[in-house]
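A.B. asks: Handing you a structure now.
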Amino acid sequence: GSIGGPALKIYLRVPTNTRVDRELTNWLMWMGSQRETIDAGIHYTHSHGVHVHRNAIVHNFLQSDYTHLWFIDADTVPPRHLRFLEYVDQCPVLCLPYAGYVAGKGKVWHVYRLDAKMGKWISLYRDRWPEPEKPVFKTDAAGTGCMIIRRDVLEKGRLPDPFYLTWAGPGQIVTEDLNFCRDVGGVHVSRHDVCRHYRDLDVSALPETFR
């Protein structure tokens, strides 16, 4: 229980308007037996857009005396240890990496750099993550599916609602995680603490492996 220091108090919320993955439910029950200073709960609402959920959670967090806000998405499962908490005091925003699936591309990591010239966010392959000698590295953005935010980052936020969508062009949306990461000047990623990510997908879109 000493990982992250004795003063560490974490407000953990899972924003969702649907079910929570059963593996995450198992992880939450396990985590509850590991550390008493983590207040974990499901933030359920019918409101439109996950950014609305996140802002409501931020407002609740700032009314508490907790030191860190931890977002975990309903389909994302952290590893079964809490060693990464030793980084949270030094990292204003710490993300645990996870991958998604894009038809035609396969597994894509939600770890990004911003190409300023093209104005595009580029997903980084795992072998291209920066600072390979370090367990924690800095990058322009990462997904909010498993993100721990230090209190002072939200207290000095530039906007009353730090999570929001913007338009990048016709039919193109910049999501709330990318906007937030840009506004706070980038985030740290714990290289070896990879989360599992469960998504529904169309099996017919997968490439054939056997002939």
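The values are calculated or read from the model by the stated rules, or taken from the named source; none is laboratory data. Predicted, not measured: the structure shown is a model, and the values here were computed from it. Using ideal geometry, Cβ is built from the backbone for each residue, glycine included, and neighbour counts are taken over all protein chains shown. Just so you know, the surface numbers come from the protein's heavy atoms only, side chains and all, with ligands and any DNA or RNA stripped out. Shrake-Rupley method; radii C 1.70, N 1.55, O 1.52, S 1.80 Å.
A.B. asks: Filter segment 4-45 for residues that are among the aromatic types (Phe, Trp, Tyr) and within 19 Å of Tyr198 (Cβ to Cβ); which is surrounded by the most Cβ atoms within 10 Å (Cβ to Cβ)? Break it down into steps so the answer makes sense when it comes.
C.D. replies: Let us first name the residues in segment 4-45 that are among the aromatic types (Phe, Trp, Tyr), namely 11, 27, 30, 44.
Narrowing the set further to residues that are within 19 Å of Tyr198 (Cβ to Cβ) leaves 27, 30, 44.
Details: Trp27: 20, Trp30: 11, Tyr44: 14.
Selected residue: Trp27.
Results for (1) out of contact with any Pro (no Cβ under 9 Å at 6 or more places or on another chain); (2) under 24 Å from Glu176 (Cα atoms), shown as yes or no for each residue.
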{"site": "Arg19", "(1), (2)": "yes, yes"}
{"site": "Thr37", "(1), (2)": "no, no"}
{"site": "Gly41", "(1), (2)": "yes, yes"}
{"site": "Arg54", "(1), (2)": "no, yes"}
{"site": "Leu62", "(1), (2)": "yes, yes"}
{"site": "Thr76", "(1), (2)": "yes, yes"}
{"site": "Leu82", "(1), (2)": "yes, no"}
{"site": "Pro92", "(1), (2)": "yes, yes"}
{"site": "Lys107", "(1), (2)": "yes, yes"}
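A.B. asks: Is there a residue in segment 78-90 that is crowded, with 22+ Cβ neighbours inside 10 Å, of a type in the set (Lys, Arg), closer than 30 Å to Asp202 by Cα and touching a helix residue (DSSP H, G or I) at 6+ places or on another chain (Cβ under 8 Å)?
C.D. replies: no
A.B. asks: For segment 95-117, which positions are among the aromatic types (Phe, Trp, Tyr), open to solvent by 30 Å² or more (accessible area, probe 1.4 Å) and not in a strand (DSSP E or B)? Explain how you work it out, then say what you get.
C.D. replies: So in segment 95-117, the residues among the aromatic types (Phe, Trp, Tyr) come out as 98, 101, 109, 112.
In the following step, the residues that additionally are open to solvent by 30 Å² or more (accessible area, probe 1.4 Å) were identified as 101, 112.
Scanning segment 95-117 gives no hits.
A.B. asks: Residue by residue through segment 58-77, note down the ones that are of a type in the set (A, V, I, L, M), over 11 Å from Thr16 (Cα atoms) and crowded, with 17+ Cβ neighbours inside 10 Å.
C.D. replies: Within segment 58-77, the subset of a type in the set (A, V, I, L, M) is 58, 62, 69, 72, 74, 77.
From what is left, the residues that are over 11 Å from Thr16 (Cα atoms) are 58, 62, 69, 77.
Correct list: Val58, Leu69, Val77.
A.B. asks: For Ala168, state whether it is at pLDDT below 95 and open to solvent by less than 80 Å² (accessible area, probe 1.4 Å).
C.D. replies: For Ala168, the condition - at pLDDT below 95 and open to solvent by less than 80 Å² (accessible area, probe 1.4 Å) - is met.
A.B. asks: Select from segment 154-165 the residues that are over 16 Å from His53 (Cα atoms) and either open to solvent by 70 Å² or more (accessible area, probe 1.4 Å) or within 15 Å of the chain's Cα centre (by Cα) (or both) and list them in ascending order. If you could, list the steps in order and put the result at the bottom.
C.D. replies: Going residue by residue through segment 154-165, those that are over 16 Å from His53 (Cα atoms) are 155-158.
Within segment 154-165, Glu155, Lys156, Arg158 qualify.
A.B. asks: Return the residues of segment 118-135 that are surrounded by 14 or more Cβ atoms within 10 Å (Cβ to Cβ) and either of a type in the set (Gly, Ala, Ser) or within 15 Å of the chain's Cα centre (by Cα) (or both); say none if nothing qualifies.
C.D. replies: Across segment 118-135, the qualifying residue is only Ser123.
A.B. asks: Which residue, of Ala99, Ala142, Ala103, is touching a Pro at 6+ places or on another chain (Cβ under 7 Å), of a type in the set (Gly, Ala, Ser) and under 20 Å from Tyr198 (Cα atoms)?
C.D. replies: Working: Ala99 fails: touching a Pro at 6+ places or on another chain (Cβ under 7 Å); Ala103 fails: touching a Pro at 6+ places or on another chain (Cβ under 7 Å).
Just one listed residue meets the conditions, Ala142.
A.B. asks: OK, next. Where residues in segment 171-187 are open to solvent by 70 Å² or more (accessible area, probe 1.4 Å) and either part of a strand (DSSP E or B) or within 21 Å of Cys146 (Cα to Cα) (or both), which of them is modelled with the highest pLDDT?
C.D. replies: Step one: filter segment 171-187 for residues open to solvent by 70 Å² or more (accessible area, probe 1.4 Å), giving 171-173, 182.
Narrowing the set further to residues that are either part of a strand (DSSP E or B) or within 21 Å of Cys146 (Cα to Cα) (or both) leaves 172-173, 182.
On the way: Gln172: 76, Ile173: 79, Arg182: 94.
Residue satisfying both the conditions and the ranking: Arg182.
A.B. asks: Of the residues that make up segment 54-75, is at least one acidic (Asp, Glu), outside any strand (DSSP E or B) and touching a Gly at 6+ places or on another chain (Cβ under 8 Å)? Spell out how you get there, then give the answer.
C.D. replies: Of all residues in segment 54-75, those acidic (Asp, Glu) come to 65, 73, 75.
Next, only the ones that are outside any strand (DSSP E or B) stay: 65, 73, 75.
Imposing the further condition that a residue be touching a Gly at 6+ places or on another chain (Cβ under 8 Å) reduces the set to 73, 75.
Within segment 54-75, one or more residues are acidic (Asp, Glu), outside any strand (DSSP E or B) and touching a Gly at 6+ places or on another chain (Cβ under 8 Å).
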